[in-house]
Amino acid sequence: MYGLAAKGEIPAFKMGGVWRFRRGEIDQWIADQTRASMKKEVMRKREQQRSAEQDLSQPRNVRRSRRTS
């Protein structure tokens, strides 16, 4: 937590050389991170679906073996 605070990635402030965290700000930060993560997962799944659909619509070059009699 202290590393994230020092980098400014999590809401915090220093008072007398000690990192302080406000519970409400941390709760909101966690909620925001969770929403962002869920949104990324939805986007990733949509992209995978689009890619799969695109693969199905593309004609494939299939090699067929020649039979000799």
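The values are calculated or read from the model by the stated rules, or taken from the named source; none is laboratory data. What you are looking at is a predicted structure, and each value in this text was computed from that prediction instead of being measured. Just the protein is used for accessible areas: all its heavy atoms, side chains included, with ligands, DNA and RNA removed. Shrake-Rupley method; radii C 1.70, N 1.55, O 1.52, S 1.80 Å.
Just read off the accessible area of Asp32 with the full protein assembly in place, 1.4 Å probe, to the nearest 10 Å².
60 Å²
Can you send over the solvent-accessible area of Phe21, 1.4 Å probe, protein chains only, in Å² to the nearest 10?
70 Å²
Can you give the accessible area of Leu4 in Å² (nearest 10), computed on protein heavy atoms with a 1.4 Å probe?
60 Å²
For region 1-50, compute the orientation-averaged projected area of the C-alpha convex hull (one quarter of its surface), in nm². Please list the in-between numbers first.
On the way: hull surface 15.8 nm².
Spelled out: convex hull of the Cα atoms, projected over all directions, averaged, 4.0 nm².
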